[in-house]
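Novice: Supplied in structure tokens, the structure appears directly below.
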Amino acid sequence: MINAYSTHWFEQFLETRPYTAQELAFVCRCLPNPPYTHILDLCCGQGRHTNALAAAGYTMTGIDINLLALAKAQTDAPTNVTYRQQDMRHLAQLPGDFDAIICLWQSFGYFDAQTNAQILQQISDKLRRNGRFILDIYNREHFSWQTRTRMAQPKGVPVTICETLADNRLTAHLTYGTDGHEETFSWQLYTAPQIITAAAQVGLDCQLACAFFDEETAVSPQTSSMQFLFQKNETAKR
């Protein structure tokens with residue numbers, strides 16, 4: 001299954017992620033509490049951000065489709081966190097609305113362009129008046145090749161990553177050296193102007209575009225990912 005995120009991936013890549021504190025500090029700067037008290041972590045995984053933000057005083061809801069990841073998240077969860085299995089394509093089914101929504105570490109763009117646009121609309125619909133949305137995605141302008149193969153050793157285990165870029169879609173096929181386990185990920189890629197325009201079409205105005213979770217670092221072809229702060233405008237429907 002594409003974009004399923006196996007236990008291999010969580011063990012090799014997520015558990016070696018060195019930038020969590022920097023990412024959390026960025027979220028807290030963009031979403032001061034109050035007024036941004038109740039936050040939805042969209043595609044929360046094992047609760048890396050969700051639990052830490054709850055410990056910092058936010059009321060958190062985390063949703064993910066991966067039950068194993070949610071079970072891990074719940075083992076360390078403060079009392080002000082609610083976890084729920086939820087497909088992001090059906091976000092409208094989630095009860096309630098939120099002061100802010102975060103979607104971090106390339107967890108947006110899995111589907112075709114129409115479905116991704118529908119998800120953006122549902123994100124906007126789930127935000128309260130003047131609610132904010134933080135999005136962290138790959139930068140299309142950074143990727144200039146068509147195919148490449150590279151090696152990674154996040155925990156000393158060799159992982160072969162074969163990547164293909166076709167039009168505006170990046171597909172990565174991973175093979176783990178321990179036991180030959182394979183998995184595939186795929187994303188629709190956006191340039192900064194493209195995602196800003198797509199968000200504006202659903203009532204989300206761009207307040208900030210940057211890289212490295214640093215407000216002072218501009219998005220450029222040298223930055224492989226980029227972060228955006230959007231705010232729901234007054235004319236967007238509730």
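Novice: Kindly provide the pair-distance distribution of the range 167-210 built from C-alpha pairs, with 5 Å bins from 0 and whole-percent values in order of increasing distance.
Specialist: Per 5 Å bin, starting at 0, the Cα pair percentages come out as 5, 17, 17, 14, 13, 11, 9, 8, 5, 1.
Novice: Output the antiparallel fraction of DSSP beta bridges having both residues in the chain, as a percent to the nearest 5.
Specialist: Working: 35 of 54 bridges.
For the chain, the DSSP antiparallel bridge percentage is about 65.
Novice: Quick one: among TRP145, TRP187, TRP105, which has the greatest mean-square fluctuation in a GNM of the chain with alpha-carbon springs under 10 angstrom?
Specialist: Maximum fluctuation in the GNM of the chain, among the listed residues, is at TRP145.
Novice: Using helices alone, what [θ] at 222 nm do you get for the chain, with -39,500 (n - 2.57) per DSSP H run of 4 or more residues, divided over all residues and rounded to the nearest 500?
Specialist: Roughly -6500 deg cm²/dmol at 222 nm, from the helical runs in the chain.
Novice: If you place +1 on the Cβ of every Lys and Arg and -1 on the Cβ of every Asp and Glu, how big does the dipole about the Cα centre of the chain come out, in debye to the nearest 20?
Specialist: Numbers: 18 positive and 23 negative charges, 79 e Å.
Value, rounded to 20: 380 debye.
Novice: Which whole-Hz ³J(HN,Hα) couplings does the range 165-170 yield from phi under the Karplus relation 6.51 cos²θ - 1.76 cosθ + 1.60, θ = phi - 60°, glycine and proline marked x?
Specialist: Result, rounded to whole Hz: 10, 10, 6, 10, 10, 9.
Novice: If you don't mind, another one. Can you tell me which lysines have their Cα less than 20 Å from the Cα of LYS232? Leave out same-chain residues fewer than eight positions away.
Specialist: LYS126
Novice: Using θ = phi - 60° and the Karplus relation 6.51 cos²θ - 1.76 cosθ + 1.60, list the HN-Hα couplings for the range 65-77 in order, rounded to whole Hz, with x at every Gly or Pro.
Specialist: Listing the rounded values in order: 8, 8, 5, 5, 5, 5, 4, 5, 4, 6, 5, 10, 7 Hz.
Novice: Name the shape class, rounded, prolate or oblate, that the alpha-carbon gyration tensor gives for the range 142-185, where a ≥ b ≥ c are the square roots of its eigenvalues, rounded holds for a/c under 1.5, and otherwise prolate holds if a/b is larger than b/c and oblate otherwise.
Specialist: On the way: a/c = 3.18, a/b = 2.01, b/c = 1.58.
Since a/c reaches 1.5 and a/b is larger than b/c, the shape of the range 142-185 is classed as prolate.
Novice: Can I ask one more? Any chance you could tell me what percent of the C-alpha pair distances in the chain go past 22 Å? The partial results should precede the final answer.
Specialist: On the way: 14939 of 28203 pairs.
Counting every Cα pair in the chain, those more than 22 Å apart make up 53 percent.
Novice: Next question, about the same structure. Rounded, prolate or oblate: which fits the range 1-97 when a ≥ b ≥ c are the square roots of the eigenvalues of the alpha-carbon gyration tensor, with rounded for a/c under 1.5 and prolate only if a/b beats b/c?
Specialist: Numbers: a/c = 1.79, a/b = 1.21, b/c = 1.48.
Judged from the Cα gyration tensor, the range 1-97 comes out oblate (a/c at least 1.5, b/c at or above a/b).
Every read-out reported here was derived from the displayed coordinates using simple, explicitly stated rules and does not represent laboratory data. Fair warning: this is a prediction, and the values are worked out from it, not measured in the lab. Cβ atoms come from the backbone with ideal geometry, glycine included; neighbour counts cover every protein chain shown.
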